[in-house]
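Reviewing the structure listed below.
Every number here is computed from the coordinates shown, using simple stated rules; none is lab data. The shown structure was predicted, so the numbers you read here are calculated from the model rather than taken from an experiment. Note that we place each Cβ from the backbone using ideal geometry, even for glycine, and neighbour counts take in every protein chain shown.
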Amino acid sequence: MRIRITLLLILATVLAFPAAAQDFGRPVAQVALQPLPEAETPDIEAVLRANWKAYYNTGGQFGFFRDQVRAGRIDLNEDGQAELFILIDSPAWNSAKGQPLLVARWTSKGWATVGWSFGDSDGVFVTAQRIDGWATIETPSQWLRWNGVGYQALDKPRR
């Protein structure tokens, strides 16, 4: 009887305090990923052509157009210059982890990619955690953590 009570107490303790999930800070801001404006956006067009040359503005199974792109900007390192987020919002690009998400920072030569992940239009957040001044990013399936030169994607544990 005493062993049963002890086991029940241990079980109750384990259930009361589940194993801590990997946590990289609480969300502090949502990245507003919006459809591209009707007006031309040469800087975003350049990023799309550079990273998806074979697919952007083409037909075919994986081809996509402006109306299937969402973009947002938010300052990730508090330098006063917003970084760019681009999400491919096309059914052909859906995966179990989400849709392709690119993060880029502005340089003297234009946008330079600093991270890749998967996300959705409503599930990309900047968290309170900072590494070398750069905020950690949370998507529904991954964490993006600054590694000194760019963002490294880490898969979240499956629930």
Exercise for the section: Calculate one ³J(HN,Hα) per residue across segment 128-141 by plugging θ = phi - 60° into the Karplus curve 6.51 cos²θ - 1.76 cosθ + 1.60, and present them in order as whole Hz with x for glycine and proline. Expected result: 6, 6, 10, 10, 6, x, 9, 5, 7, 10, 10, 10, x, 10
Completion exercise
Computed over the chain: longest principal axis from alpha-carbon atoms vs helix 2-16 long axis, angle to nearest 10 degrees, is 20 degrees
Handout entry: Over the chain: helical MRE at 222 nm, DSSP H runs n ≥ 4 each giving -39500 (n - 2.57), nearest 500
Key = -5000 deg cm²/dmol
Practice task
Return Ile88, Ile74 ranked ascending by Cβ neighbour count within 10 Å, so the fewest neighbours appear first.
Solution key: Ile74, Ile88
Completion exercise
Per the C-alpha gyration tensor (a ≥ b ≥ c, the square roots of its eigenvalues), segment 98-138 is rounded if a/c is under 1.5, else prolate if a/b beats b/c, else oblate; here it's oblate
Fill in the blank from the handout: A student applying the Cα gyration tensor rule (rounded when a/c is under 1.5; otherwise prolate if a/b is larger than b/c, oblate if not) would label the chain prolate
Practice task
Report the net charge of residues surrounding Tyr56, where surrounding means a beta-carbon distance below 11 angstrom and charges are Lys +1, Arg +1, Asp -1, Glu -1.
Solution key: +2
Handout entry: Straight-distance crosslink candidates among aspartates and glutamates, where the alpha carbon sits under 12 Å from Lys53 and sequence neighbours closer than 8 are dropped
Key = Glu45
